[in-house]
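Reading through the structure tokens given below for one structure.
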Amino acid sequence: MSRKTELKTSSTTSILEYILLIGSVCILAIRTTYTESPHITSTDFSLALGNDGISLLITTAVFGIVALWFIFRFSTGKAVYRQTGIETGLALFAIAACISIFAAANKRLAITDAVTIIAPVMLAIVMVQLLDRSWKIKLVLWILTALALAQTYQCADQCFVSNQMMIDQYEEEPQKQLEQLNIEPGSFNHMSYEHRLYSRDVKGYFTTGNSAGAFFIMAIAAGAALVFWDGVRKIRRDKLIHIVLLAAAIAGLALTHSKGAIGAFVLAAGMLGAFLMFGKKIQKYKWPLLIAVVLAGILIIAAVIGYGLKHGTLPGGNSLLVRWQYWSGAARMSADNPLTGVGGGNFGSH
């Protein structure tokens, strides 16, 4: 291949990667501002697409970006692939998903569930390949923190205004609202919906407060990366903006009232602080510490399960009562279907 042809191929590949990066960022924005719940189908036939349709449309776009990157990148003969560590887990999940699809009673829901989970993981792998310049990384970090600001605004609205309005509307016409959401009265989905409604879950644009909390943890990490990008001594106007965005993400996490997400954030922050302060000592005693942490985790899990089996619930109110129902239901399903499972999206029907 001549030098001129090589430059042309390189230029074409770069342009394509810029297009794919823009597409990936757009999908990131859509997925964090569109409440995706592919297992609840709207009965409003005035809409061109139901919830399933929109979710699968986004998923198709993701698979298109992934396919284009692999085709064009490897067709140049100069493929550079960065290992992410996600590949093995993704392959195992995909195999398990295929097995469970064949065993599922509702195969359409199982397929939808599998592809909507696999697609964003594959997009993450491709984004690792695309983010090969510092300005690209900064762009994604900026977008994540900006999206967190939008989430915080939505959480504040839910916390102080809209959640109570939804409860009032439901109590006024419960049957109408259930029909709009395609939920059968008295079903598992009805119980789950009422729980989420009356728990006043602050979830931003996500389906649960835990999901919103998990996103805020990621956004806080992105905001912190921007704040400390050039070190702690250089205070510029853009760094002050980063600090404001970081503070907004922390406020959003607090608004979700998600015990799991807030606890995970505090634990992660504590572990990071311990590593920064005592990194050398931790490295020296890493195996005894790892064994101690694993044993502590096993003891905590055993204590939680023991309490649940004895009392039929977990300590912590209605939220953990419902969670125990999920866990005990999942345990019974696993016992009945140990090798295949029941298929994604089929939990409610079992």
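Using the Karplus equation 6.51 cos²θ - 1.76 cosθ + 1.60 (θ = phi - 60°), what ³J(HN,Hα) coupling, rounded to whole Hz, does each residue of the range 207-219 give in order, writing x for Gly and Pro?
So the J values, rounded to whole Hz, are 7, 9, x, 5, 5, 4, x, 5, 5, 5, 4, 5, 5.
Could you calculate the FRET efficiency of Tyr307 with Asp238 from 1/(1 + (r/R0)^6), where r is the beta carbon distance between them and R0 is 51 Å, rounded to 0.05? Before the final figure, lay out each step's value.
Details: r = 50 Å, r/R0 = 0.97.
The formula returns an efficiency of 0.55 here.
I'd like the carbon and sulfur percentage of the solvent accessible area for the chain, probe radius 1.4 Å, heavy atoms only, ligands and nucleic acids excluded.
Numbers: 14490 of 21050 Å².
On the chain, the fraction of accessible area on carbon and sulfur atoms equals 69 percent.
For Ala94 and Ile117 in the same chain, what is the full-extension length gain: residue separation times 0.36 nm, less their Cα-Cα distance, in nm?
Details: separation 23, 0.36 × 23 = 8.28 nm, distance 0.96 nm.
Taking 0.36 nm per residue and subtracting the Cα distance, the gain is 7.3 nm.
Percent relative contact order of the range 237-350, based on C-alpha pairs within less than 8 angstrom and at least six residues apart?
Numbers: 25 pairs, mean separation 9.2, N = 114.
The normalised contact order for the range 237-350 reaches 8 percent.
Report, in degrees rounded to the nearest 10, the 0 to 90 angle that the Cα long axis of helix 134-157 makes with the longest principal axis of the chain.
Rounded to the nearest ten degrees, it is 20.
Skipping prolines and chain starts, which residues have an amide H placed within reach, meaning under 5 Å, of the one on Trp229, given they are 5 or more residues away or on another chain?
It is none; the list stays empty.
What FRET efficiency would be calculated for the residue pair Lys107, Arg200, taking the C-beta separation as r and a Förster radius of 22 Å, to the nearest 0.05? List each step's numbers first, then the result.
Numbers: r = 35 Å, r/R0 = 1.61.
Working from the Cβ atoms, E equals 0.05.
Cβ neighbours within 10 Å, averaged per peptide: list 278-289, 326-337, 190-201 in order, most packed at the top.
Details: 278-289: 10.6, 326-337: 12.6, 190-201: 16.2.
Top to bottom by mean Cβ count within 10 Å: 190-201, 326-337, 278-289.
What label, among (i) 1.04; (ii) 1.13; (iii) 0.99, belongs to Cα Rg over 2.2 N^0.38 Å computed from the structure on display?
Only one option fits the structure, namely (ii).
Apply the Karplus curve 6.51 cos²θ - 1.76 cosθ + 1.60, θ = phi - 60°, to the phi angles in the range 20-31 and return the couplings in whole Hz, x for Gly and Pro.
Here the 3J(HN,Hα) series is 5, 5, 4, x, 5, 5, 4, 5, 4, 5, 5, 5 Hz.
Quick one: accessible area per residue over the chain, 1.4 Å probe, rounded to a whole number of Å²?
On the way: 21050 Å² over 350 residues.
Here the per-residue accessible area is 60 Å².
The values are calculated or read from the model by the stated rules, or taken from the named source; none is laboratory data. Only a predicted model underlies this, so the values are computations on that prediction, with no experimental measurement involved. Here the Cβ is made from the backbone with ideal geometry for all residues, glycine too, and neighbour counts use every protein chain on show. SASA here: full protein model, heavy atoms, side chains in, ligands and nucleic acids out. Shrake-Rupley method; radii C 1.70, N 1.55, O 1.52, S 1.80 Å.
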